[in-house]
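The values are calculated or read from the model by the stated rules, or taken from the named source; none is laboratory data. Because the structure is a prediction, the values reported are computed rather than measured. Cβ placement follows ideal geometry from the backbone for every residue including glycine, while neighbour counts extend to all protein chains displayed.
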DNA sequence: TTATATTTTTAGATTTGTCTAAATTATATT
DNA sequence: AATATAATTTAGACAAATCTAAAAATATAA
């Protein structure tokens with residue numbers, strides 16, 4: 001089953017809304033989609049026709065299993081492309097959303113699978129949101145910043161906040177980027193700075209300011 | 001000025017046709033676009049309205065300078081994405097066209113520029129077709145296969161024909177891919193095989209069969 | 001050069017996704 | 001429970017991109 005760009009956008013929005021509220025209503029979806037309630041009703045009929053939606057007139061609606069799978073396919077593509085844009089094209093993480101909104105509608109399944117492999121099958125996008133696998137499964141792993149994490153544990157970098165040019169320059173120098181495996185060796189009480197072992201690289205020292213913006217997850221739990 | 005997907009597709013087709021024939025006519029464009037002549041006429045009016053086309057009713061038509069620039073922007077995106085798909089996602093070159101047909105319509109200029117840089121500003125796509133730069137300029141450089149090329153010249157791999165799994169496996173082993181710099185050191189008369197210096201790698205020996213499928217250009221001429 | 005064939009355009013319809021305005025249903029309030 | 005308010009849907013219209021069928025212009029050929 002394949003969907004139009006517009007259908008995919010509606011499906012994705014409904015998915016995100018129903019994560020929060022269970023049942024979704026016409027007006028809030030219209031607001032999210034920046035369109036009119038009447039347009040939403042039109043699309044709901046189409047999605048119900050394609051058997052993606054539980055929907056009774058005037059009653060509210062939500063995606064059924066097929067609908068959720070369709071939504072997760074789009075979310076997966078969106079987040080993989082965001083990862084690519086940040087990690088390989090060196091976009092700042094706060095600039096990539098609108099571009100990924102276009103890329104997420106490219107249809108080739110083989111493309112998505114190859115992209116996933118090329119990126120190293122990341123679990124999180126650069127905002128720290130989880131990337132569903134090709135079956136729609138989301139691996140839930142706790143993320144913490146480097147200040148919160150125990151010493152000598154094998155960790156993988158999942159996201160980086162505060163992406164200033166200066167911060168990115170520093171991380172690049174230490175060979176720290178998304179997916180990098182590392183370990184906190186020591187925390188200095190004096191200034192809160194950390195001694196970090198970047199696997200396959202040299203040890204380095206980072207300040208507390210940096211550490212609080214670098215988020216990681218426990219490699220074992222994957 | 002920005003264009004719809006449909007407009008971009010028409011512009012690109014007209015560009016390719018007028019490269020061959022000068023003036024383009026309605027029927028041949030309809031055939032190329034797999035559509036009806038009536039639809040072509042409709043679109044021609046739109047493109048004339050946007051001042052991209054020299055077009056008089058019943059007379060034939062061609063892109064003006066603005067139209068050619070628009071076409072080259074699309075061609076540039078198409079070929080950069082093809083390069084990415086082959087070189088980084090390891091698609092075979094004969095599989096990438098339909099996917100690049102979708103990717104070429106992603107609109108962000110910054111994306112294209114960053115992609116170009118990420119790829120190393122390649123001059124040719126994996127089919128050996130030249131990639132226009134951001135101003136629409138096409139660098140014309142002669143490509144030859146490795147059998148046609150003089151010894152001890154600094155060369156860069158521009159395209160590879162006969163992309164069988166076996167061939168690709170062999171090239172990968174020798175670290176030869178698009179953009180790789182190399183030099184032919186010696187040609188053995190006995191079996192036509194070549195001794196190749198892959199810059200930053202070891203020397204290797206490739207057979208005549210392989211050599212005739214590997215196309216290169218002279219780095220000096222860039 | 002007149003008739004015939006070919007090419008191109010027009011006229012009007014269709015589909016998708018949107019809109020406004022009005023009607024309908026549900027919810028809240030007294 | 002009746003009424004006011006809010007949410008939702010319907011009805012009908014529009015723009016983009018396409019189509020078919022017919023008309024108009026051009027090209028070709030006897």
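Of B:10, B:55, B:83, which residue is in contact with a helix residue (DSSP H, G or I) (Cβ under 8 Å, 6 or more places away or on another chain) and modelled with pLDDT under 95?
Details: B:10 fails: modelled with pLDDT under 95; B:83 fails: modelled with pLDDT under 95.
The match here is B:55.
Take residue B:101 and tell me if it is more than 9 Å from chain A (Cβ to nearest Cβ), under 15 Å from the mean Cα position of the chain (by Cα) and farther than 15 Å from residue B:156 by Cα. Steps first, please.
Working: more than 9 Å from chain A (Cβ to nearest Cβ): yes; under 15 Å from the mean Cα position of the chain (by Cα): yes; farther than 15 Å from residue B:156 by Cα: yes.
Yes: the conditions hold for residue B:101.
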If you go through the stretch A:1-26, how many residues are away from DNA strand D (no atom under 14 Å from the Cβ) and not in a helix (DSSP H, G or I)? 3
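On the given criteria, is residue B:154 within 14 Å of chain A (Cβ to nearest Cβ) and either in contact (Cβ under 8 Å) with a residue 60 or more places away in the chain or under 21 Å from residue B:200 (Cα atoms) (or both)?
Values: within 14 Å of chain A (Cβ to nearest Cβ): no; either in contact (Cβ under 8 Å) with a residue 60 or more places away in the chain or under 21 Å from residue B:200 (Cα atoms) (or both): yes.
The answer is no for residue B:154.
Quick one: is residue A:1 under 20 Å from residue A:104 (Cα atoms), near DNA strand C (Cβ under 10 Å from one of its atoms) and either over 23 Å from the mean Cα position of the chain (by Cα) or modelled with pLDDT under 95 (or both)? Step through it out loud before you land on a result.
Numbers: under 20 Å from residue A:104 (Cα atoms): yes; near DNA strand C (Cβ under 10 Å from one of its atoms): no; either over 23 Å from the mean Cα position of the chain (by Cα) or modelled with pLDDT under 95 (or both): yes.
No: the conditions fail for residue A:1.
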When only residues in the stretch A:107-121 that are part of a helix (DSSP H, G or I) and more than 9 Å from chain B (Cβ to nearest Cβ) count, which is farthest from the chain's Cα centre (by Cα)? A:109
For the structure I just gave you, tell me whether residue B:74 is touching a helix residue (DSSP H, G or I) at 6+ places or on another chain (Cβ under 7 Å) and within 16 Å of DNA strand D (Cβ to nearest atom). yes
Which ones in the stretch B:187-202 are touching a strand residue (DSSP E or B) at 6+ places or on another chain (Cβ under 8 Å) and surrounded by 13 or more Cβ atoms within 10 Å (Cβ to Cβ)? B:187, B:193, B:194, B:195, B:196, B:197, B:198, B:199
Could you count how many residues in the stretch B:27-66 are away from DNA strand D (no atom under 16 Å from the Cβ) and either touching a residue at least 12 places away in the same chain (Cβ under 8 Å) or within 14 Å of chain A (Cβ to nearest Cβ) (or both)? 3
Could you run through the stretch B:126-154 and say how many residues are modelled with pLDDT of 90 or more and in a strand (DSSP E or B)? 1
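Of everything in the stretch B:75-94, what is facing chain A (nearest Cβ under 8 Å) and surrounded by fewer than 15 Cβ atoms within 10 Å (Cβ to Cβ)? Give them in sequence order.
Applying the first criterion (facing chain A (nearest Cβ under 8 Å)) to the stretch B:75-94 yields B:85, B:88-91.
Matches in the stretch B:75-94: B:90 only.
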Here is a list of conditions, (1) within 14 Å of another protein chain (Cβ to nearest Cβ); (2) in contact with a helix residue (DSSP H, G or I) (Cβ under 9 Å, 6 or more places away or on another chain); (3) closer than 30 Å to residue B:197 by Cβ, and residue B:142 meets all of them except one; can you say which number that is? (1)
With the requirement that a residue be under 30 Å from residue B:110 (Cβ atoms) and either within 12 Å of DNA strand C (Cβ to nearest atom) or touching a strand residue (DSSP E or B) at 6+ places or on another chain (Cβ under 7 Å) (or both), what does the stretch B:28-79 give you? B:43, B:46, B:47, B:52, B:53, B:63, B:64, B:67, B:71
